[in-house]
Structures are given as C-alpha cells and as structure tokens.
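Student: Take a look at this one; I'll ask things after.
Readers should treat all values here as calculations from the given coordinates under stated rules, not as data from a laboratory. All figures in this text were calculated on a predicted structure; none of them were measured in a lab. As a convention, Cβ positions derive from the backbone with ideal geometry for all residues, glycine included, and neighbour counts pool all protein chains shown.
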Amino acid sequence: MTGLITGPVLYYEWAGGKMWQIILMLLQFIRIGLVILVLVSDIWMSSKNSYTMDRYNIFNQVHKGLRAFLYETGMQVQQTDFTREQEAVRAQESIGEALYCFNQHILHVERFIFPYVIAYHPQLIGNMKQQYQANTIQAQKLRGAMNAYCHAVDAREKAAAGKLILKAFTSFLVTHLDCMTREDSLLNSLLWRYYNDAELLGLEKEIVGKLPARDLAMLSKWVIRGMNNAEIIGWLRAIEKTCITAIFSSFFNSAEKELSAYRWQTIQEALAEGTEM
C-alpha cells in the first residue's frame, strides 16, 4: 500500500519540479526579450532624435530671441526700485515691449503656421489656441498691475504695486516659456512630418518678409543676443541666400551692434572663410 502511494507522490514531485523549471525558463526568455525590446527602442529613438535634430527648426531663432528678451527683462524688473520713478518707467517700458513682442509672435503663429498644420491635427491647434488664451490672460493681469502702479500716490503704494508687477511678470514669463516649449515639440513634429526643410525655409522667408520695420529691428536685436556663434553664422548665411538684401542688412547690422568685438570678429572671419564654428 505504501508503495502504491509513494509512486504517485514521487511522480507529482518530479512533475512539479519540471514545471517550475519550465516556468523559470519562460521568465528568463521574457526577461531577455524585454532587454532586447528596450535596446531596440533606444536605438530607434536615438535614430529618430538624430533625424529630428537635423531638421530645420523654424522656431529656433525667434524662440531664442524671445527667451533672451524674457530673461533680461525679468532681471531688470526684479532689480527695479519702484519707488524711484526713472527706474520704474524704464522697467515698464521694457515690459510693454515684451507684451507687444509676444502678442505679435502669437499672431504670426496663428497667421502663418496654423494654416500649414490645422488640416492634419485640428485638435492640437485647438489646444494651442487655448494656451494662447491663457497667455492673453497673463498679459492682462500684467497690464492691470502696471495700471495699479500708475495710480499709486506714495512710496508705500508704489513699492506694493511694484511687487505686484514682479509677480505678474514672473507668471507671464513662466507661461510663455511653457508655450514656446509646446511650439517646439508639438508644432515642429507636424511641420517635420508633412514638409521638407526647403518648404520651411520658404515659410520663414515669407514671415520675415512681411514683418513691419519696427518688428524686424526688434526681432533681429534679440535673436542675435539669444543665439550662439554657430547659429548666428548659419542663420546669416541662410538669410543671405533666401531673403532680400534689406532684411539681411538688418540682421547683419544688429549682429555688429549687439555682439562683443571678439564675437563679431570671430563671426566675420567664419563668414569670410565659409567655415563653421
């Protein structure tokens, strides 16, 4: 009797041991498969990122200029003593220019960029328009803080209004930095999917060609301040080939005016030699 019982027990122990071996082998195969999947995914993403990094970014120059404008104006505002009238006036003039520039940027994106991509992803364009509405609200709050300062009658009220201006401008800065990040990632992904670099350069030429003289001068000033030497050289070459002489002269003169003597000399030498930085 005992032998009859022992036989099945030994069989089940053996079968159970084999089953665990099989399960462990399957888990090992799954682990190896996951490792391979991750490696393949990394390779694919690296190749994709390398490809997109080589594409022409129509927002790069203007975003670098606008960021430089935000950073410098933000530093100016937080260093301003709003109880001193001249300092306050200069800070508010800079804020006024920033409000104008970013409003124009939104109008240009809606006028020139949206028509190129709305048919492919209308929901995304709707989301971007909501973001622009949030930007407009921030701009209104900033104007309200500046208006409150104008009605301040003594140093205490002016100092309090100055704090409101700084707080409102900080929110304005953060909102617009986030918006530009979205433009870089979301709008560029659509432009790169459906248009080649020659078409994007043509679109940029169209946008720059329709800028009023005041906007062109302000844009060239901040774009030059915001870019590195290699970007300035590449952009000046591209403008020289694709844009009218007056536009190239505007950016060229801005580079000479805004850059240090050393940087400008380095860029001139590279342009003359036809070399990259």
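Student: 7 Å from Cα along Cα→Cβ at both residue 89 and residue 127: what's the point-to-point distance in nm?
Tutor: In this crude spin-label approximation the distance works out to 4.6 nm.
Student: How big is the convex hull of the Cα atoms of segment 56-195, per residue, in Å³?
Tutor: Spread over its residues, the Cα hull of segment 56-195 gives 85 Å³ apiece.
Student: Would you please name the GluC sites (Glu not before Pro) within segment 159-205 that are DSSP coil residues with at most 16 other C-beta atoms within 10 Å of their C-beta?
Tutor: none
Student: Would you mind ranking 233, 58 by Cβ crowding within 10 Å, fewest neighbours first?
Tutor: Arranged by neighbour count, lowest to highest, 233, 58 become 233, 58.
Student: Would you mind calculating the gained length between residue 217 and residue 153 on full extension (0.36 nm times residue separation, minus the Cα-Cα distance), in nm to one decimal?
Tutor: Length gained between residue 217 and residue 153: 19.4 nm.
Student: Between residue 231 and residue 170, 0.36 nm times their residue separation minus their Cα-Cα distance comes to what?
Tutor: 19.1 nm
Student: Could you work out how far apart the two model spin labels at residue 108 and residue 266 are, taking each label as a point 7 Å from the Cα in the direction of the beta carbon, and quote it in nm?
Tutor: Those two pseudo-labels are separated by 2.6 nm.
Student: May I ask which residue of 135, 123, 80 lies farthest towards the positive end of the charge dipole of segment 64-145, with charges of +1 (Lys, Arg) and -1 (Asp, Glu) on Cβ and the Cα centre as origin?
Tutor: Toward the positive end, the furthest listed residue is 123.
Student: Let me ask you something else. What is the order of 156, 55, fewest Cβ neighbours within 10 Å to most?
Tutor: In order of increasing Cβ crowding within 10 Å: 156, 55.
Student: Gap in Å between the Cα centre of segment 52-90 and the Cα centre of segment 106-146?
Tutor: So the two Cα centres are separated by 19 Å.
Student: Something else: Assuming a viscosity of 1.567 mPa s and a temperature of 4 °C, what translational diffusion coefficient in µm² per second does Stokes-Einstein assign to segment 178-236, Rh being the Kirkwood radius over Cα pairs?
Tutor: In µm²/s, the coefficient rounds to 98.
Student: Could I ask something else about it? If neighbour count is taken as other Cβ atoms inside 10 Å, put 82, 114, 252 in order from fewest to most.
Tutor: With the sparsest Cβ surroundings first, the list reads 114, 252, 82.
Student: Something else about it: Multiplying the sequence separation of residue 72 and residue 181 by 0.36 nm and subtracting their Cα-Cα distance, what value in nm do you get?
Tutor: Stretched out fully, the residue 72 to residue 181 stretch lengthens by 37.4 nm.
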